[in-house]
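Colleague: This structure is in structure tokens; I'll ask about it shortly.
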Amino acid sequence: MKTKITLILALFISIGFINAQDFTIDGVNYKITDSTNLIVEVDGNSCYNGELNLQSTVENNGISYTVSKIGIGAFNGCTT
């Protein structure tokens, strides 16, 4: 019984990780912070060369996400 519960719990956790995949568009990394309400934030290691115009929404694989914020250190370490 304990093994079945553990397996079911592992399955639900895995499904959550599968659905919450982060993505990159035009060199900007986005982290999905709320997969139910389709909310993302600009994530770390986002180095962009040139003028950056962040939109309030971004589309990935046909799904439109609301950009809620620029994460702490999102552009840290960028040289340009």
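The values are calculated or read from the model by the stated rules, or taken from the named source; none is laboratory data. For clarity, every value in this text was computed on a predicted model and none was experimentally measured. Positions of Cβ are backbone-derived with ideal geometry, glycine not excepted, and every protein chain shown enters the neighbour counts. Ligands, DNA and RNA are excluded from the accessible area calculation, which covers all protein heavy atoms including side chains. Shrake-Rupley method; radii C 1.70, N 1.55, O 1.52, S 1.80 Å.
Colleague: Yes or no: segment 40-58 includes at least one residue that is on the phi > 0 side of the Ramachandran plot and either loosely packed, with under 12 Cβ neighbours inside 10 Å or at pLDDT 95 or above (or both).
Modeller: Checking segment 40-58: at least one residue is on the phi > 0 side of the Ramachandran plot and either loosely packed, with under 12 Cβ neighbours inside 10 Å or at pLDDT 95 or above (or both).
Colleague: Then there is this: If we keep just the residues of segment 1-39 that are at pLDDT 65 or above and of a type in the set (Phe, Trp, Tyr), which is farthest from the chain's Cα centre (by Cα)?
Modeller: Step by step, filter segment 1-39, then rank; the result is Phe23.
Colleague: A follow-up question, please. Looking only at segment 64-80, filter to residues that are at pLDDT below 95 and among the hydrophobic types (A, V, I, L, M, F, W, C); which one of those is most open to solvent (accessible area, probe 1.4 Å)?
Modeller: Ile72
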